[in-house]
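Okay, structure first, notes after.
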Amino acid sequence: MIVCKCYHKDLAFSFYLLKFADASNVLFMAKVDYDEQFERLWYENKHRLLNNDREYREEVERYKMTSGADWLLFGIPAVVGIASFEMITFESEMMRWVVSALITIVTFIASVFVKSLVTGGKPISDIEDRIKNDCYKRYTETGKI
């Protein structure tokens, strides 16, 4: 799932793209409009509101390196980057550095993806959207976040 957030001075909204096995099959989901006053309050209190939610804190903790397997998983990109630098046969030293850096970045992204698959859980963006929607509902009822 890809989350796209669009902000403009007059309105803010989020929409979700759910991409399935077929690349042509893309579904647009609910668009949520927030007023400017709420967006300002959300921006000012976002950190506090998110940290008050237990589910959000647990998901953030999952991204931290807590075991030897995590250190090994995130050490792999460094090893791959060094090995790729030695194996690349470009004549230009600068090209070797650039290609090696790109390989390291791609390997790091793959490591983060593997970590997220292994730990499971919900995406933080989904939890953040749920909290924001709850706060907006409370704001429309009481006028306070």
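The values are calculated or read from the model by the stated rules, or taken from the named source; none is laboratory data. Quantities reported herein were computed from a predicted structural model and do not represent experimental measurements. In this analysis, Cβ positions are derived from the backbone assuming ideal geometry, glycine residues included, and neighbour counts consider all displayed protein chains.
Structure values in brief
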read-out	value
Per-region count, region 63-91, residues surrounded by 14 or more Cβ atoms within 10 Å (Cβ to Cβ), among the aliphatic types (A, V, I, L, M) and over 27 Å from the mean Cα position of the chain (by Cα)	1
Selection count where residues are surrounded by fewer than 13 Cβ atoms within 10 Å (Cβ to Cβ) and small (Gly, Ala, Ser), scope region 92-120	2
In region 127-145, the residues that are of a type in the set (D, E, K, R) and under 18 Å from TYR56 (Cβ atoms)	GLU128, ASP129, ARG130, LYS132, ASP134, LYS137, ARG138
Pairs where the first residue, in region 108-119, is of a type in the set (Ser, Thr, Tyr) and the second is at pLDDT below 90 and in a helix (DSSP H, G or I), C-beta under 8 Å, 6+ apart	SER111/LEU73; SER111/PHE74; THR119/ARG62
Residues of region 33-50 classified as exposed (fewer than 11 other Cβ atoms within 10 Å of the Cβ) and either closer than 14 Å to SER125 by Cα or in contact with a helix residue (DSSP H, G or I) (Cβ under 6 Å, 6 or more places away or on another chain) (or both), total	1
Qualifying residue in region 118-132 (condition: in contact with a Leu (Cβ under 9 Å, 6 or more places away or on another chain) and more than 30 Å from PHE38 (Cα to Cα))	yes
